[in-house]
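S.K.: Take this structure, written in structure tokens, and hold onto it; I'll ask about it next.
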Amino acid sequence: MCGIVGYTGAQQAAPILLEGLTNLEYRGYDSAGIAVINNKQILVSKVTGRIANLCERTNDGKSCPGTVGIGHTRWATHGAPTDTNAHPHMSNNGKFAVVHNGIIENYMNLREELINNGYHFESQTDTEVVVHLIEMYYNGDIKKAVKRTLARLEGSYALGVICADEPEKIYVAREASPLILGIGIGENFFASDVTALVQYTRNVIYLDDGEFAEITPESIKIFDCAGQQIKKKINHINWDIQAAEKGGYEHFMLKEIMEQPRAVKATISPRIKDNEIVLDETDLSVDYLKNIKKIVITACGSAYYAGCAGKHAIEKLCKIPVQVELASELRYSDPLIDERTLLLVISQSGETADTIAAMKECKRRGAKTLAIVNVVGSTIANLADHVLYTWAGPEIAVATTKGYTTQLAVLYLFALHAAKKLNRIDEQRYDNLLKVIKTLPKRIQEVIDMNPSIPKLAKKYHKHSSMFFIGRNTDYAIALEGALKMKEISYIHAESYAAGELKHGTIALIDEHQPVIALCCNDSVMEKTMSNIVEVKARGAEVLAVTFRNNQKIVSLADDVIFIPQVEPLFSAVVEIIPLQLLAYYVAKENGCDIDKPKNLAKSVTVE
Ligand code: AGP
């Protein structure tokens, strides 16, 4: 995700901004910029690529003299990584500059209104609407203009605003995107997280949602959403920079597991307007969808497993046959693909060599391609006819978590949206399923909150050298990803198996040395899976079951049970996978593994 920093005091601002942005690099970004007030003029410098390019462009900040400024590292969501799309964004009259982390969900309507009011847009970003709104509302009182602007914004934001008319002041505001104020002596700071501040001050204030602040070198005034000044607690940070990068978590993987409610919400919310799914980015016509003979999903690793889970939703709702193919296999299989095939290409990085090759092969055979990727402007995004981005923010840990769950979120939206366009779902069912999708971020948070016992379970199961993950139907698709998580970070051999298939040979391996993780979250096959639990118990296996809160029957069958909230099975994968991610994480921790960088693995496999 993006990073923002700001400074007002007696020192030159630019070097402090550049240093702060450098400490935010770990968050992942594709462009950066700073804006500094100099003699009531705003000087802006912004570049694509690394902070080093910005240091070079500004001669380490010397070409941007001034003691008040804001800075930004951009992780592209709306608009490719270019100098123009980089922040800070300037108002048409040059009096204001803004940096932003988050997503302004109603930016299209605001953009239209502002253009109709004569404002000119430079970039394709959602952020630019903020700076033009401030200009539109400004009549000499910057605080009022900021407040009126905030009242128009929907979505998430951590904002920094400077005004050439008020050369010492910075305004900041927070809604669902972290924002911290740093308290200095004769100087004050703001940033997205403490890593950008901790070398200057360890005394910080965490803004809460709906709050905004006016910062000068001598004072910090904080206001609630009604504009009333409020007092906030001053915290003393004793983290080092390393810990701060992980937001206080021990590993990026755990931080990213905990970010999933926000990441899934950021992926879903901008695509639901007036209780309808709006996939503006893909204009797949009804005629085209009607003419599709089949959908092929291709990907690698966890992205492939997301496709295995998404297949159920698409087939059930759209009544279109879906094949899920490993990209490394598809590319050499002389596939039966033609112009009546829709190819869904799933990739977090957008740079996986096998997936790119399979995509090119299918394009060559006439398939239309829709990519589901997390990195804006990546190779797969640029190759695709249509792109649906997962707005998960940068994923640092090699083992994907929020990348996988946001891919599922996009697949669910696509399935429901296409089913409606094809008239294969009635209004009532559409509304009910859309409600389920909207509650998924909350359900994920619930699972995280309701399972403090997972570290204890990890202590019980971590010594095994092998384990099975079993399930049926949608549960089997989740077992695939659960087993991969366990393998890739704890190095325990884990095999996912269709529960109904065990009796055809593999059950010969089941004994007291092979714990079985049984996924029982699909009512339509629940009884069958529970009889599989009895089968493996009879052969001595210890069983850890994952099931719905109300399925108390299973308590007498399994040795351990992880409960999750009841969720529509078509969409349950995004919730059911959470305990498996946490189990793998804590087992790996017990085994002393290098969780964020597992041996032999790369975050993006860009070679065949
Ligand atoms: C998942 O935890 C692994 N890191 C790996 O399987 C990954 O999902 C796979 O390499 C595909 O990567 P992509 O999503 O970036 O294409």
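One line per residue, one yes/no per condition, for (1) under 30 Å from residue 490 (Cβ atoms); (2) within 16 Å of the ligand (Cβ to nearest atom); (3) of a type in the set (A, V, I, L, M, F, W, C); (4) open to solvent by 20 Å² or more (accessible area, probe 1.4 Å):
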{"residue": "392", "(1), (2), (3), (4)": "yes, yes, yes, no"}
{"residue": "398", "(1), (2), (3), (4)": "yes, yes, yes, yes"}
{"residue": "410", "(1), (2), (3), (4)": "yes, yes, yes, no"}
{"residue": "413", "(1), (2), (3), (4)": "no, no, yes, no"}
{"residue": "432", "(1), (2), (3), (4)": "no, no, no, yes"}
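S.K.: Could you list, in sequence order, the residues of region 91-115 that are open to solvent by less than 30 Å² (accessible area, probe 1.4 Å) and in a helix (DSSP H, G or I)?
M.R.: 110, 114, listed by residue number.
S.K.: While we're looking at this one, here's another question. So which strands (runs of 3 or more DSSP E) stay within region 196-242 end to end and still have 3 or more residues that are open to solvent by less than 50 Å² (accessible area, probe 1.4 Å), under 20 Å from residue 159 (Cα atoms) and modelled with pLDDT of 90 or more?
M.R.: 212-215, 220-223
S.K.: Pairs needed: first member in region 25-51, within 15 Å of residue 80 (Cα to Cα); second member anywhere, of a type in the set (Ser, Thr, Tyr) and in a loop (DSSP other than H, G, I, E, B); C-beta distance under 7 Å; at least 6 residues apart or different chains.
M.R.: Close Cβ pairs (under 7 Å, with a partner that is of a type in the set (Ser, Thr, Tyr) and in a loop (DSSP other than H, G, I, E, B)) amount to 48/82.
S.K.: Another question about this same structure. So how many residues does region 175-194 have that are within 10 Å of residue 100 (Cα to Cα) and crowded, with 24+ Cβ neighbours inside 10 Å? Quick ask: steps written out before the conclusion?
M.R.: If we filter region 175-194 for residues that are within 10 Å of residue 100 (Cα to Cα), which is where we start, we get 177, 192.
Still in the running and crowded, with 24+ Cβ neighbours inside 10 Å: 192.
Of the residues in that region, 1 qualify.
S.K.: Applying the selection to region 458-485, what residues are in contact with a Pro (Cβ under 6 Å, 6 or more places away or on another chain) and either open to solvent by less than 10 Å² (accessible area, probe 1.4 Å) or farther than 24 Å from residue 597 by Cα (or both)?
M.R.: 461, 467, 474, listed by residue number.
S.K.: Let me ask something else. Please state which of the following conditions residue 44 fails to meet, knowing it meets all the rest: (1) open to solvent by 20 Å² or more (accessible area, probe 1.4 Å); (2) out of contact with any Gly (no Cβ under 8 Å at 6 or more places or on another chain).
M.R.: Only one criterion is unmet by residue 44, namely (2).
Okay, residues lined up against (1) within 13 Å of the ligand (Cβ to nearest atom); (2) open to solvent by 60 Å² or more (accessible area, probe 1.4 Å); (3) farther than 25 Å from residue 346 by Cβ:
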residue: 557; (1), (2), (3): no, no, yes
residue: 564; (1), (2), (3): no, no, no
residue: 567; (1), (2), (3): no, no, no
residue: 573; (1), (2), (3): no, no, no
residue: 579; (1), (2), (3): no, no, no
residue: 588; (1), (2), (3): yes, no, no
residue: 594; (1), (2), (3): no, yes, yes
residue: 605; (1), (2), (3): yes, yes, no
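S.K.: Evaluate the following for residue 118: is it farther than 22 Å from residue 14 by Cα, in a loop (DSSP other than H, G, I, E, B), open to solvent by 30 Å² or more (accessible area, probe 1.4 Å) and small (Gly, Ala, Ser)?
M.R.: The answer is yes for residue 118.
S.K.: Touching a helix residue (DSSP H, G or I) at 6+ places or on another chain (Cβ under 9 Å) and at positive phi - does that describe any residue in region 494-516?
M.R.: There is no residue in region 494-516 that is touching a helix residue (DSSP H, G or I) at 6+ places or on another chain (Cβ under 9 Å) and at positive phi.
S.K.: Looking at (1) within 16 Å of the ligand (Cβ to nearest atom); (2) assigned to a helix (DSSP H, G or I), which is the only condition residue 287 fails?
M.R.: (1)
S.K.: Under 9 Å between Cβ atoms, which residue pairs at least 6 apart in sequence (or on different chains) link something in region 583-608 that is over 18 Å from residue 469 (Cβ atoms) with a partner that is open to solvent by 50 Å² or more (accessible area, probe 1.4 Å) and of a type in the set (Asp, Glu)?
M.R.: 589/250; 595/250; 604/351; 605/351; 606/351
S.K.: What are the residue pairs meeting all of these: first residue in region 396-410, first residue aromatic (Phe, Trp, Tyr), second residue assigned to a helix (DSSP H, G or I) and near the ligand (Cβ under 8 Å from one of its atoms), Cβ atoms under 6 Å, and 6 or more apart or on different chains?
M.R.: 404/302
S.K.: For region 56-76, give me the residue count where each residue is open to solvent by less than 30 Å² (accessible area, probe 1.4 Å), within 30 Å of residue 348 (Cβ to Cβ) and not in a strand (DSSP E or B).
M.R.: Counting residues in region 56-76 that are open to solvent by less than 30 Å² (accessible area, probe 1.4 Å), within 30 Å of residue 348 (Cβ to Cβ) and not in a strand (DSSP E or B) gives 1.
S.K.: Answer with yes or no whether residue 334 is away from the ligand (no atom under 14 Å from the Cβ) and out of contact with any Lys or Arg (no Cβ under 8 Å at 6 or more places or on another chain). Full working, then the answer.
M.R.: Values: away from the ligand (no atom under 14 Å from the Cβ): yes; out of contact with any Lys or Arg (no Cβ under 8 Å at 6 or more places or on another chain): yes.
Yes; evaluated as a whole, the condition is true for this residue.
For (1) buried (at least 18 other Cβ atoms within 10 Å of the Cβ); (2) within 22 Å of the chain's Cα centre (by Cα); (3) within 11 Å of the ligand (Cβ to nearest atom); (4) touching a residue at least 60 places away in the same chain (Cβ under 8 Å), each residue gets a yes or a no:
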position	(1), (2), (3), (4)
346	yes, yes, yes, yes
349	yes, yes, yes, yes
355	yes, yes, yes, no
361	yes, no, no, no
366	no, no, no, no
371	yes, yes, yes, no
388	yes, yes, no, yes
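S.K.: Do you know which of the residues in region 507-554 that are in contact with a Cys (Cβ under 7 Å, 6 or more places away or on another chain) and either of a type in the set (D, E, K, R) or surrounded by fewer than 23 Cβ atoms within 10 Å (Cβ to Cβ) (or both) is farthest from residue 443 (Cα to Cα)?
M.R.: So, considering only residues that are in contact with a Cys (Cβ under 7 Å, 6 or more places away or on another chain) and either of a type in the set (D, E, K, R) or surrounded by fewer than 23 Cβ atoms within 10 Å (Cβ to Cβ) (or both), the one farthest from residue 443 (Cα to Cα) is 530.
The values are calculated or read from the model by the stated rules, or taken from the named source; none is laboratory data. These numbers come from a predicted model, not from an experiment. All Cβ positions, glycine included, derive from the backbone under ideal geometry; neighbour counts span all protein chains shown. In case anyone asks, the SASA skips ligands and DNA or RNA and just uses the protein heavy atoms, side chains included. Shrake-Rupley method; radii C 1.70, N 1.55, O 1.52, S 1.80 Å.
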